[in-house]
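Here it is: the structure, laid out below.
The values are calculated or read from the model by the stated rules, or taken from the named source; none is laboratory data. On a predicted model such as this, the values are computed, not experimentally measured, just so you know. As a convention, Cβ positions derive from the backbone with ideal geometry for all residues, glycine included, and neighbour counts pool all protein chains shown.
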Amino acid sequence: MTTPPPTAPRLEVDGLEVAFGGLTALGGVSFEVRDGETVALIGPNGAGKTTVFNAVCGIVKPRKGNVRIGGRPAPARTTGLLAAGVARTLQGLGLFERMTVLENVLVPLSSLRAEDAAARARDRLAELGLLDLADRSAGTLPYPERKRVALARALAADPRLLLLDEPAGGLGAADIEALAETVRRVAGEGCAVLLVEHHVDFVMDVADRIVVLDFGEVIAAGSPEEVRRDPAVEAAYLGLEAVNAAAEPPQSGGAGHPPARGGAPRPSTADISVATEAHAHRSEPQGPAGEGGTA
Amino acid sequence: MDRFVFLFSAGLARGAVLALFALSLVIVWRAARVVNFAQAAMAAAAVYAAFAVTAATGSYWAGLLTGLASGALLGAAVERGLMRRLPAHAPLPGIIVAIGLVMVLQAGLAIAFGPEHRPMHPPFSERPFIIGGVPVLSPYDLFTLVAAAAVMGGLALLFGRTSLGLQLRAAAFAPETSRLLGVRVPRMVTLGWALAVATAALAALLLVPTELGLNPHAADLLFVNAFAVAVIGGLDSPAGALLAGIGVGLLVSLVTGYASAAAAPLAVLALLTLVLLVRPGGVFSAKEARTA
């Protein structure tokens with residue numbers, strides 16, 4: 001992977017603390033994303049991943065800490081994100097379901113002249129193979145196409161920082177591969193990408209770095225390989241790994257389970273994936289993710 | 001047959017005004033998810049402003065423009081000053097505040113201008129054209145139809161074909177998502193109120209000269225019928241407001257002509273009940289519109 005240029009990070013999250021009432025959702029989270037870099041936030045549901053997104057977007061106010069975007073303080077209002085070069089997709093997609101696909105992509109382009117906005121929107125739709133669906137009502141499309149519309153809408157205004165909330169969730173293998181190509185292309189064009197994702201194979205495929213959250217704290221950060229081998233990550237998933245191991249006896253000497261320090265089998269990426277899904281009962285504030293369903 | 005042609009054409013003009021007022025209710029509903037029960041009183045206040053300017057200048061058109069502008073200003077002021085401060089996601093406070101506003105506005109208008117009916121003169125003749133011996137639309141009916149059609153066409157273009165309209169729709173459907181996409185949602189809600197009350201003011205302005213005259217309650221019956229129209233058409237559907245408005249206008253005109261004026265409100269009520277029984281969201285609404 002190419003070395004990022006020595007400029008200010010596109011996104012700096014520094015000592016971010018968020019509390020909901022007496023519950024600490026984030027307890028001093030710090031990381032950064034540079035231009036052209038793809039960073040994945042992983043961790044069980046409830047670990048604070050979406051809260052990080054919401055704090056970056058100004059939807060929740062941090063108790064402490066800073067978020068800087070392109071070297072400047074993040075906009076105080078969510079409305080200012082677009083101008084700051086930030087785009088986000090939502091878990092619930094948030095499509096305007098009764099608008100056409102083209103209209104959905106036009107919404108963030110209101111500052112452009114009408115012809116320029118239409119041309120840009122059509123370019124984005126073409127890039128994601130959606131041009132034929134431009135005049136269809138967004139609510140009538142199958143789920144994978146709806147996810148692509150949400151991605152096209154996020155990419156419409158040429159963001160410098162792209163926040164993707166579970167972009168691979170609910171997609172089949174072919175769609176996930178196409179998504180990975182899109183993420184690589186966007187990052188290759190210099191956009192900083194921060195994604196929250198449970199699909200660990202996808203994460204390992206596209207991420208330059210991974211930040212692992214658990215109970216609102218960063219427990220590990222590094223390259224996919226470093227994170228996979230990190231004892232703290234292993235410990236975070238150990239309880240569930242033991243459950244998995246009981247359900248399926250470990251294959252001695254298998255490539256996916258090299259012996260670990262202390263003799264316990266190390267979780268493979270598949271194990272982490274199972275573990276993160278199994279943690280799904282832990283709740284986390286989701287921001288506006290589900291809102292667009294009635295649009 | 002002559003009688004039918006006359007009643008039909010009169011019903012069209014009446015329906016256009018109803019559709020216009022119903023459309024104003026739909027615009028507020030879409031922008032703020034509230035039924036503005038104060039729309040009639042606010043429209044009446046704007047018509048008083050028009051009335052005062054026409055009286056001072058002698059120009060109907062100066063009054064018309066004043067009525068539209070004061071409707072827009074009043075709509076924006078009520079949204080910014082009152083509605084925005086209410087708890088979100090609860091319909092009741094908005095309804096209660098709107099009803100309170102009706103009392104304040106109507107009492108204020110009565111104190112300022114007196115409770116009596118003040119005649120407003122139409123800018124065109126109300127004597128119907130005679131075509132082949134049959135009385136049809138009057139020039140004023142024609143003006144009403146053209147003005148209503150022009151405003152509805154203009155609003156359709158605004159909402160359907162412009163970037164501002166797209167933002168208005170986005171803000172109405174999914175405010176939080178819209179913020180993420182750079183839409184200035186509070187501004188769009190204010191603009192929605194301004195557009196709606198200006199539209200309601202125009203409907204009231206078009207109606208008042210054909211009725212008894214201007215008084216603080218001049219638009220009350222218009223509101224009741226237009227509310228029925230909006231519910232029949234689907235509160236979320238501008239096209240529904242238009243078609244149901246024309247339909248109810250024709251119904252009222254025909255029932256008044258063939259039966260009696262007293263039967264007309266009953267006919268509207270019967271139609272409303274039928275629609276609510278068969279299709280509770282309104283004839284043209286999407287299924288989730290009433291619960292959104």
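Residue by residue, here is whether (1) more than 12 Å from chain B (Cβ to nearest Cβ); (2) touching a residue at least 60 places away in the same chain (Cβ under 8 Å); (3) not small (Gly, Ala, Ser) holds:
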{"residue": "A:THR51", "(1), (2), (3)": "yes, yes, yes"}
{"residue": "A:ILE59", "(1), (2), (3)": "no, yes, yes"}
{"residue": "A:PRO73", "(1), (2), (3)": "yes, no, yes"}
{"residue": "A:THR78", "(1), (2), (3)": "no, no, yes"}
{"residue": "A:ALA83", "(1), (2), (3)": "no, no, no"}
{"residue": "A:PHE96", "(1), (2), (3)": "no, yes, yes"}
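Being within 29 Å of B:SER125 (Cα to Cα) and hydroxyl-bearing (Ser, Thr, Tyr) is the filter; apply it to the stretch B:176-234 and report the residue that is nearest to the other protein chains (Cβ to nearest Cβ).
B:THR199
Out of A:ASP132, A:ASP201, I need the residue that is in contact (Cβ under 8 Å) with a residue 12 or more places away in the chain and surrounded by fewer than 20 Cβ atoms within 10 Å (Cβ to Cβ). Which one?
A:ASP201
Does B:GLY182 qualify as being on the phi > 0 side of the Ramachandran plot and either surrounded by 17 or more Cβ atoms within 10 Å (Cβ to Cβ) or touching a strand residue (DSSP E or B) at 6+ places or on another chain (Cβ under 6 Å) (or both)?
yes
Let me ask another. What do you reckon, is B:HIS117 surrounded by fewer than 12 Cβ atoms within 10 Å (Cβ to Cβ), out of contact with any Asp or Glu (no Cβ under 6 Å at 6 or more places or on another chain) and not aliphatic (A, V, I, L, M)?
No.
Looking only at the stretch A:91-100, decide whether some residue is acidic (Asp, Glu), within 29 Å of A:THR140 (Cβ to Cβ) and surrounded by fewer than 16 Cβ atoms within 10 Å (Cβ to Cβ).
For the stretch A:91-100, residues acidic (Asp, Glu), within 29 Å of A:THR140 (Cβ to Cβ) and surrounded by fewer than 16 Cβ atoms within 10 Å (Cβ to Cβ): absent.
Yes or no, residue by residue, for (1) among the hydrophobic types (A, V, I, L, M, F, W, C); (2) assigned to a loop (DSSP other than H, G, I, E, B); (3) modelled with pLDDT of 90 or more; (4) touching a helix residue (DSSP H, G or I) at 6+ places or on another chain (Cβ under 9 Å):
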position	(1), (2), (3), (4)
B:ALA244	yes, no, yes, yes
B:LEU251	yes, no, yes, yes
B:THR256	no, no, yes, yes
B:ALA270	yes, no, yes, no
B:ALA292	yes, yes, no, yes
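Please name all residue pairs, on different chains or six or more residues apart, with Cβ atoms under 7 Å, provided the first residue is in the stretch A:171-194 and is at positive phi and the second residue is in a helix (DSSP H, G or I) and small (Gly, Ala, Ser).
Between residues of the stretch A:171-194 that are at positive phi and residues that are in a helix (DSSP H, G or I) and small (Gly, Ala, Ser), there is no close pair.
Testing A:ALA114 on (1) touching a residue at least 24 places away in the same chain (Cβ under 8 Å); (2) within 9 Å of another protein chain (Cβ to nearest Cβ), one condition comes back false. Which one is that?
(1)
For residues that are in contact with a helix residue (DSSP H, G or I) (Cβ under 6 Å, 6 or more places away or on another chain) and not charged (D, E, K, R), tally how many sit in the stretch A:132-157.
The qualifying residues number 9.
Determine which member of the set B:ASN215, B:ASN225 is closer than 22 Å to B:ALA41 by Cα, at pLDDT below 95 and touching a strand residue (DSSP E or B) at 6+ places or on another chain (Cβ under 8 Å).
Going through B:ASN215, B:ASN225 in turn, the sole match is B:ASN215.
Sort out which residues of the stretch B:64-81 are in contact (Cβ under 8 Å) with a residue 60 or more places away in the chain and among the small types (Gly, Ala, Ser), and write them in order of number.
B:GLY67, B:ALA69, B:SER70, B:GLY71, B:ALA72, B:GLY75, B:ALA76
Oh, and also: When you scan the stretch A:18-32, do you find a residue that is among the charged types (D, E, K, R) and either surrounded by 21 or more Cβ atoms within 10 Å (Cβ to Cβ) or in contact with a Pro (Cβ under 7 Å, 6 or more places away or on another chain) (or both), even just one?
yes
Could you list all residues from the stretch A:40-68 that are surrounded by fewer than 23 Cβ atoms within 10 Å (Cβ to Cβ) and assigned to a strand (DSSP E or B)?
A:LYS64, A:GLY65, A:ASN66, A:VAL67, A:ARG68
May I ask you to say which residue of A:ARG68, A:ARG88, A:ARG34, A:ARG63 is among the basic types (Lys, Arg) and within 11 Å of chain B (Cβ to nearest Cβ)?
Matching residue, one of A:ARG68, A:ARG88, A:ARG34, A:ARG63: A:ARG88.
For the stretch B:161-174, which positions are more than 8 Å from chain A (Cβ to nearest Cβ) and under 15 Å from A:GLY94 (Cβ atoms)?
B:ALA171, B:ALA172
Name the residue, out of B:ALA72, B:ALA52, B:ALA56, B:ALA90, that is surrounded by fewer than 19 Cβ atoms within 10 Å (Cβ to Cβ), among the aliphatic types (A, V, I, L, M) and closer than 21 Å to B:VAL189 by Cα.
The match here is B:ALA90.
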